[in-house]
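These notes are about the structure you will find just below.
The values are calculated or read from the model by the stated rules, or taken from the named source; none is laboratory data. Remember, it's a predicted structure, so these values are computed and weren't measured experimentally. Neighbour counts run over all protein chains shown; Cβ positions are idealised from the backbone, glycine included. Protein only, heavy atoms only, side chains kept; ligands, DNA and RNA dropped before computing areas. Shrake-Rupley method; radii C 1.70, N 1.55, O 1.52, S 1.80 Å.
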Amino acid sequence: MDIGIPAYEQVRGILRDEIISGVIPPETHLTILDTAKRFGVSHMPIREAFQWLQGEGLLTVLPHRGARVLSLTSDYVRDIYELRSVIAGLLARQSIAYLKPAGLARIDRIHRQFCDASELKDLKRLLALNTSFHEQIYGLGRNREAQKTYKLYADLLGTLRLRFGLPKGRIKEMVQEHTEILDALRARDEDRIEKAVRKHAEGAMNNMLQLMEKKS
């Protein structure tokens, strides 16, 4: 375990990724004792992690019996995407006031790298560049709580994307949507960038829900 990060946060993050990726399937019963042994921590961090994951809709805590893993429903995924869209819109608007030429050049460079990578089949690289593109923009804002919440949802949905993949057609749409976001940044237009960011989020949500429906 990383000494610099609270134990419950580390446990929560690992379990979240494993539930979303399907490593831990729905209906799995997780006991506090076995989970504590696995991570080499006391029972308290496990209880805290279970409570957080219950709040995120991934577990149901069972009194005195640990927790049960819930199914990842389309309603849950839709809710997460919609929440992330609102937060991203806020942070995108805020970014305009703090955007400097060097920052714009950095975002443009990441966009060009994403465009180049879109011709390849390296999903992890594409997702990493996509994350970097958005973080460079939203990190300019000054609402730290919104940034933390955005990252939580972005990490969750990134794990989900690794599980379900990124179709070629969606990659093409992402290139166009990133271009629209970048154009709004250059124009320093708050309304335009919020609209572009939320359009981007809606496209991602619709694609993910389609993929989930196909595999259900």
Report task. Report the relative contact order of the stretch 1-66, percent, no decimals, based on alpha-carbon pairs under 8 angstrom and at least 6 residues apart. Result -> 37
Requested in this report: Report, ordered by chain and residue number, the lysines lying within cross-link reach of Lys121, taken as a straight Cα distance under 19 Å and ignoring same-chain residues fewer than 8 apart.
Outcome: Lys168, Lys172
Query raised in the report: Between the stretch 2-68 and the stretch 102-122, what is the C-alpha centre distance in whole Å?
Result: 36
Report task. Starting from the stretch 1-95, pick out the GluC sites (Glu not before Pro) whose DSSP state is loop and whose Cβ has at most 11 other Cβ atoms within 10 Å. Result -> Glu27
Query raised in the report: Can you give the accessible area per residue of the stretch 1-88, in Å², using a 1.4 Å probe?
Result: 53
Report task. Tally up the carbon and sulfur contribution to the accessible surface of the chain as a whole percent, 1.4 Å probe, everything protein left in place. Result -> 53
Query raised in the report: What pairs in Lys151/Lys214; Lys151/Lys195; Lys148/Lys214; Lys124/Lys199; Lys37/Lys124; Lys37/Lys215 have C-alpha atoms more than 29 Å from each other?
Result: Lys148/Lys214; Lys37/Lys124; Lys37/Lys215
Query - Hypothetical label at Ile3: residues of the stretch 35-60 whose amide nitrogen lies under 20 Å (7 Å Cα-Cβ projection) - result: 39-42, 45
Query raised in the report: What accessible area per residue, rounded to a whole number of Å², is obtained for the stretch 93-216 using a probe radius of 1.4 Å?
Result: 55
